[in-house]
Structures are given as C-alpha cells and as structure tokens.
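Asker: Dumping the structure here so I can ask a few things about it.
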Amino acid sequence: MLIALTREVSPAITQCELTHLERQPIDYALACKQHSAYQAALEDLGCKVDRLISRPDMPDSVFIEDTAIVLDEIAIITRPGADSRKRETASVARALEAYRRLCFIETPGTVDGGDVLCIGKTLYVGLSSRSNQAAIEQMQGFLAPYGYTVKGVTVTGCLHLKSAVAQAAQDTLLINRNWVDPAVFGDMKLIDVDPAEPYAANVIFLSSGLLYPTSFPRTREKLAALGARIKAVDVSELQKAEGAVTCCSLIFNS
Ligand code: CIR
C-alpha cells in the first residue's frame with residue numbers, strides 16, 4: 001500500500017522561509033482548506049494519508065518532503081539547509097521508523113528532500129542554497145550498498161531541483177530548462193513547461209495518475225498528452241510560501 005505522510009499547515013506559515021519570492025499575505029484558513037483538498041486528492045489516487053500535527057515553532061513544516069528521502073530499502077533523514085527547519089526532522093523520523101531503517105545526514109551536510117529526484121537507482125541531488133556536496137557524499141555512503149548512485153546537479157534561479165524538474169511518467173520528465181541542464185538526465189523524454197509558467201515543473205507522478213496545481217493550465221495541457229489521469233488541486237496559498245505539490249508529502253510503499 002502507498003502511504004502519503006503529510007503534516008498539517010502551521011499557523012506560523014506566514015513566517016515561512018522565502019528565497020526567490022516576495023512575501024505576500026497568506027490566508028491560513030484557505031491554506032488549510034487547500035491542504036485538506038490536497039490530502040483528499042492523494043487518497044483519491046490510492047494513497048493512505050497519514051497526518052502529523054503542525055506546530056507554531058515550525059512555520060514550513062507542511063513541506064514535509066524536505067525532511068526525508070524514503071526509498072524502498074531505507075530512509076534518509078535530512079538535515080535541512082535552513083536553520084529554522086532543522087527542528088522538523090525529529091518527529092518525521094519517529095513516524096518513519098515504523099516503516100524503514102533510518103540513517104541521518106550529519107553536519108556539515110545539508111540537504112532538503114525537494115532537491116532529490118530519484119529515477120530508478122539514480123538519485124539526482126540539486127546543489128542549491130539548501131543542499132551541499134557533503135550531504136551528497138554521506139548519501140552515497142548510505143546508499144551504495146543498495147546499488148544507488150548519487151549525482152550532484154547544478155540548479156540556478158529556483159529553490160530546489162524539483163522546482164526545475166520532476167518525473168511525469170516512467171520515461172518522462174517535466175522540466176524548466178532555464179533552471180537545470182536537461183543533458184544531466186540522459187535519455188529520459190522531456191516535456192518543457194510553458195514559458196509563461198516557469199514554476200510549473202513540479203508534479204506528483206503515481207501509477208494511478210498525476211497530481212498537479214490548477215495554476216498552470218498551459219503546461220497541464222501539455223501533460224495531458226501523456227494520457228494519464230490528472231488530478232488538479234489549487235495550492236495558491238502554499239505556492240506563496242514557495243511550496244509546490246511534491247513538497248507536501250512523503251509517498252512510499254508501506
Ligand atoms: C522553504 O523555503 O523551505 C519553504 N518556504 C518552501 C519549501 C518548499 N519545499 C519543496 O518544494 N520541497
């Protein structure tokens with residue numbers, strides 16, 4: 001069974017970290033409503049949704065993807081790049097230890113899960129303002145026994161690697177080439193985001209369908225060519241906090 005581990009929106013989300021966006025007012029009640037609809041969409045796509053409680057001292061904790069990398073064999077608890085987010089990991093580790101053996105990124109390593117794109121046995125890790133080479137080396141050490149390769153990838157202009165590129169089908173990536181070099185991904189097929197929608201590359205790919213924001217209709221039309229079911233959700237308030245769809249869950253086989 002697919003588990004989607006989520007965390008409720010913190011009432012402090014208005015004090016979230018921001019790197020590339022100007023601060024705008026976030027409607028907390030609307031953010032919670034949108035997040036509930038996101039959880040319902042995951043259920044509709046076949047996931048069992050687990051919900052961790054939010055806390056006022058963790059403004060960004062709804063973006064749970066950044067706290068762990070869950071693979072079939074093992075889970076890596078990250079050390080998030082932003083200091084305000086480092087306290088998010090302990091409760092996620094407690095939730096994950098029922099499912100996986102855990103290992104932990106240690107100082108000086110930092111990595112946000114949003115920087116990690118796993119395709120088969122390769123983990124591409126964005127060398128962003130949040131994730132560094134030391135973390136990549138630790139990850140390689142944890143994962144080599146299971147046959148994984150971990151590759152650093154240059155990203156520019158966006159927060160995380162998965163703001164620039166995400167898997168949209170078994171053999172296809174959705175990509176903004178202004179932020180990451182497509183040559184890195186070998187012979188994967190590529191769908192380019194519409195130029196008017198630079199933030200549109202982030203999508204959740206499940207065998208039952210895609211989960212995608214309503215705010216990128218032009219790119220959504222391109223995705224429709226894949227023939228997969230597309231479940232669209234309005235995540236406007238979470239986008240003001242520099243969030244997207246993959247960042248609000250950790251999805252793994254139980
Ligand atoms: C942050 O800057 O950490 C949050 N405001 C947004 C994190 C989004 N995470 C993600 O896309 N994986």
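Asker: Taking Val155 as meeting all but one of (1) open to solvent by 30 Å² or more (accessible area, probe 1.4 Å); (2) under 23 Å from Gln239 (Cβ atoms), write down the number of the exception.
Answerer: Of everything listed in (1) open to solvent by 30 Å² or more (accessible area, probe 1.4 Å); (2) under 23 Å from Gln239 (Cβ atoms), Val155 misses just condition (1).
Asker: Select the helices (runs of 4 or more DSSP H) contained entirely in the stretch 159-254, then report the ones holding at least 3 residues which are in contact (Cβ under 8 Å) with a residue 12 or more places away in the chain and within 16 Å of the ligand (Cβ to nearest atom). Quick ask: steps written out before the conclusion?
Answerer: Numbers: elements: 161-164, 217-224, 236-240.
So the answer is 161-164, 236-240.
Asker: Could I ask something else about it? Residues in the stretch 23-35: is at least one within 18 Å of the chain's Cα centre (by Cα), surrounded by fewer than 17 Cβ atoms within 10 Å (Cβ to Cβ) and modelled with pLDDT of 95 or more?
Answerer: First, the residues of the stretch 23-35 that are within 18 Å of the chain's Cα centre (by Cα): 31, 34-35.
Narrowing the set further to residues that are surrounded by fewer than 17 Cβ atoms within 10 Å (Cβ to Cβ) leaves none.
So far as the stretch 23-35 goes, no, none of its residues is within 18 Å of the chain's Cα centre (by Cα), surrounded by fewer than 17 Cβ atoms within 10 Å (Cβ to Cβ) and modelled with pLDDT of 95 or more.
Asker: Take the residues in the stretch 42-84 that are part of a helix (DSSP H, G or I) and in contact with a Ser or Thr (Cβ under 8 Å, 6 or more places away or on another chain), then tell me which one is farthest from the ligand (Cβ to nearest atom).
Answerer: That would be Leu42.
Asker: Another question about this same structure. Out of Ala82, Ala40, Ala31, which single residue is closer than 22 Å to Leu2 by Cβ and of a type in the set (A, V, I, L, M)?
Answerer: Working: Ala82 fails: closer than 22 Å to Leu2 by Cβ; Ala31 fails: closer than 22 Å to Leu2 by Cβ.
Every option except Ala40 fails the conditions.
Asker: Applying the selection to the stretch 186-201, what residues are open to solvent by 10 Å² or more (accessible area, probe 1.4 Å) and either modelled with pLDDT of 95 or more or basic (Lys, Arg) (or both)?
Answerer: Kept after step one, since they are open to solvent by 10 Å² or more (accessible area, probe 1.4 Å), are these residues of the stretch 186-201: 186-199.
Met188, Lys189, Leu190, Ile191, Asp192, Val193, Asp194, Pro195, Ala196, Glu197, Pro198, Tyr199, listed by residue number.
Asker: Hey, another quick one. Among (1) in contact with a His (Cβ under 7 Å, 6 or more places away or on another chain); (2) at positive phi, there is one condition Val9 misses while meeting the rest; what is its number?
Answerer: Only one criterion is unmet by Val9, namely (2).
Asker: Taking the stretch 6-22, which residues are touching a Cys at 6+ places or on another chain (Cβ under 7 Å) and open to solvent by less than 70 Å² (accessible area, probe 1.4 Å)?
Answerer: Here is the first cut: in the stretch 6-22, the ones touching a Cys at 6+ places or on another chain (Cβ under 7 Å) are 6, 9, 20.
Scanning the stretch 6-22 gives Thr6, Val9.
Asker: Take the stretch 239-254 and flag every residue that is more than 16 Å from Cys158 (Cβ to Cβ), buried (at least 19 other Cβ atoms within 10 Å of the Cβ) and of a type outside the set (Phe, Trp, Tyr).
Answerer: Cys248, Ser249, Leu250, Ile251
Here is a yes/no grid of residues against (1) in a loop (DSSP other than H, G, I, E, B); (2) without any contact (Cβ under 8 Å) to a residue 24 or more places away in the chain; (3) in contact with a strand residue (DSSP E or B) (Cβ under 9 Å, 6 or more places away or on another chain); (4) within 16 Å of the ligand (Cβ to nearest atom):
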| position | (1), (2), (3), (4) |
| --- | --- |
| Gly109 | yes, no, yes, no |
| Cys118 | no, no, yes, yes |
| Ser131 | yes, no, yes, yes |
| Glu137 | no, no, yes, no |
| Phe142 | no, no, yes, no |
| Pro145 | no, yes, no, no |
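The values are calculated or read from the model by the stated rules, or taken from the named source; none is laboratory data. A quick note: this is a predicted structure, and the numbers were derived from the prediction, not measured. Glycine also receives a Cβ, built like all others from the backbone with ideal geometry; neighbour counts cover every protein chain displayed. For the accessible areas, the whole protein counts, side chains as well, though only heavy atoms, and no ligand, DNA or RNA atoms are used. Shrake-Rupley method; radii C 1.70, N 1.55, O 1.52, S 1.80 Å.
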